[in-house]
Amino acid sequence: MKNIYDISEVNRCMLCLNGPCEKACPKGIKISKIIRSLYFENAVGGIKELKNNDCSTCSAPCEKACVLSKKNRHVEIKNIFTDLKKQSQDYKPQTNKNNKIDLSSEICGIPLENPFLLSSSVVSSTYDMCSRAFEEGWAGASLKTICNFPQHEASPRFSAIHNHANSFCGFKNIEQLSNLSVSENMEIIRNLTKNYPNKIIISSIMGRNEAEWTMLASESENSGASVIECNFSCPNMENESLGVTIGQSEELIERFTRAVRKGTKLPILAKLTPNVTDMIPFALAAKKGGANGIAAINTINSITGVNLNSYSAEPVIHGQTIVGGYSGHAVKPIALRFISDLSKCEELKDMHISGMGGIESWVDALEFILLGSSSLQITTSVMQYGYRIIEDLLDGIKNYLLSSDKSSIKDLIGLSSRTVVNHNTIERETITYPVFNLDKCNGCGRCYISCMDGGHQAINFDNEKRIPKLIGSKCVGCHLCRIVCPARAIDKAHKTIRNINS
């Protein structure tokens, strides 16, 4: 089912708290929820929520109430919903052969009601925050990393790279660890375990030496934690035996994992850094030390930009900054690469993979699952959009399963791993040509520009009719044109055998 509503207009929505548009709707339509579903690629969820409502003849008081109407042009809610209504005519409620959907998963053999956990960060730093997330539907949380030494945070400590919708696609932090004492964090674990017995509490820890690693693990188990996560990868805690320094040393990973194992019988996750060329040796070191799984990826060493007025790199702290951890949707391709590597390694087949790095929508989540992750951890999109994203994460996967021949998330784990092959085995004897859908084409000429200046000069452009035409003899099937097309008016054609004599 192809979306016919204007996604660029959807992306203009501010995703407001208690949206005024919704309060203004005379039909009581949950406008905010529907727009949010569309924003997070859950069109089916939006269609189901719109139900039989028809907005085509409405005077649209929701648009007058839109917060953007005060200073800018309001979101075209009526047009979006009218198009969504038309799209719903092509939607047929799906049920798989079992008519039963199972969203449960597991972490190191411990059942999860769903695969979604808060990752260790500011979003899981207090009892109240975790409690609110659990009430929204999150299956558990990895608490902000617990340590036995004081933290001294900088201000400001965040910077970001924004997309055209003014949401950040890349996010840098120089945040440190939990500023609560060990005893305060253990009290949080005890209370969460007591009040939410079906949720998974992961104690993320970091020690300065073997004794501290052992002590923190032991204290966490005694307080009721379900899993221990060893933070071997924080880029903001770097010295000879802390943070990312550990994650770049097989010897330190194995040694400190053994120290943690000495203090607990609980499952152990080793949270590894992507700031390495190959993660496999470090994962194997963690396994050798007694870990039961790998959490990946932590943030990437980064500088997001430079202030052109002060000439200081961001975030500017009295004219200076430090290299920090990069996260957000932009890092997803890097995270997926490491998840794929871990999943395909035969020596790690019995290790749990808890995936993270750029998950925003249910589509992102499924990609991690298909490449081998059984549990998923999220921070940056929660920081930007709130705990409420869990609704569309779960609903999107549920709708996907209903339309597939699978009934459980467990049926999807690792299904795509085999499709990632070595460079020398990929098929290179055919060309897949692009096909122009002129009904959808808006005549912008972007495909021509990109092909001329960044491709193989395989497109002609009729300036009178404003339509592109493929030059088949020059096209190599790179599909740059399809990727840059803002109207999504270019599709794939059938494959043809490459002429090796040309």
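Scan the stretch 1-45 for residues that are small (Gly, Ala, Ser), in contact with a helix residue (DSSP H, G or I) (Cβ under 8 Å, 6 or more places away or on another chain) and over 22 Å from residue 364 (Cβ atoms) and the total you get is 2.
Against the list (1) surrounded by fewer than 13 Cβ atoms within 10 Å (Cβ to Cβ); (2) part of a strand (DSSP E or B); (3) polar (S, T, N, Q), the condition residue 424 fails is (2).
If the condition is being surrounded by fewer than 20 Cβ atoms within 10 Å (Cβ to Cβ) and in contact (Cβ under 8 Å) with a residue 12 or more places away in the chain, then the stretch 161-173 contributes 161, 164, 165, 167, 169. Here residue 381 meets the list (1) of a type in the set (S, T, N, Q); (2) closer than 14 Å to residue 327 by Cα; (3) surrounded by fewer than 22 Cβ atoms within 10 Å (Cβ to Cβ) almost entirely, failing just condition (3).
Please enumerate the residues belonging to the stretch 117-132 that are part of a helix (DSSP H, G or I) and crowded, with 24+ Cβ neighbours inside 10 Å.
Kept after step one, since they are part of a helix (DSSP H, G or I), are these residues of the stretch 117-132: 122-124, 127-132.
Within the stretch 117-132, 124, 130 qualify.
Selection of the stretch 54-73 for residues being touching a Lys or Arg at 6+ places or on another chain (Cβ under 7 Å), part of a loop (DSSP other than H, G, I, E, B) and surrounded by 18 or more Cβ atoms within 10 Å (Cβ to Cβ) yields 55, 58, 60. Could you tell me whether the stretch 93-107 includes any residue that is in a loop (DSSP other than H, G, I, E, B) and modelled with pLDDT of 95 or more? Checked against the condition, which is being in a loop (DSSP other than H, G, I, E, B) and modelled with pLDDT of 95 or more, the stretch 93-107 yields at least one hit. Restricting the first member to the stretch 124-148 and to residues that are without any contact (Cβ under 8 Å) to a residue 24 or more places away in the chain, and the second to residues that are surrounded by fewer than 21 Cβ atoms within 10 Å (Cβ to Cβ) and among the basic types (Lys, Arg), no beta-carbon pair is closer than 8 Å while six or more apart or on different chains.
Answer yes or no as to whether residue 449 is modelled with pLDDT of 95 or more, touching an Asp or Glu at 6+ places or on another chain (Cβ under 6 Å) and either at negative phi or not in a helix (DSSP H, G or I) (or both). Give the derivation first.
On the way: modelled with pLDDT of 95 or more: yes; touching an Asp or Glu at 6+ places or on another chain (Cβ under 6 Å): no; either at negative phi or not in a helix (DSSP H, G or I) (or both): yes.
Answer is no for this residue.
Could you tell me which residue of the stretch 285-321 is nearest to residue 361 (Cα to Cα), considering only residues that are out of contact with any strand residue (DSSP E or B) (no Cβ under 9 Å at 6 or more places or on another chain) and touching a residue at least 12 places away in the same chain (Cβ under 8 Å)? Per the stated criteria, the residue is 317.
Candidates 36, 12: the one that is buried (at least 18 other Cβ atoms within 10 Å of the Cβ), assigned to a loop (DSSP other than H, G, I, E, B) and not assigned by TED's automatic domain parsing to the domain that holds residue 358 is 12.
The values are calculated or read from the model by the stated rules, or taken from the named source; none is laboratory data. No experiment lies behind these values; they were computed from the predicted model shown. Here Cβ is always computed from backbone atoms with ideal geometry, including for glycine, and neighbour counts include all displayed protein chains.
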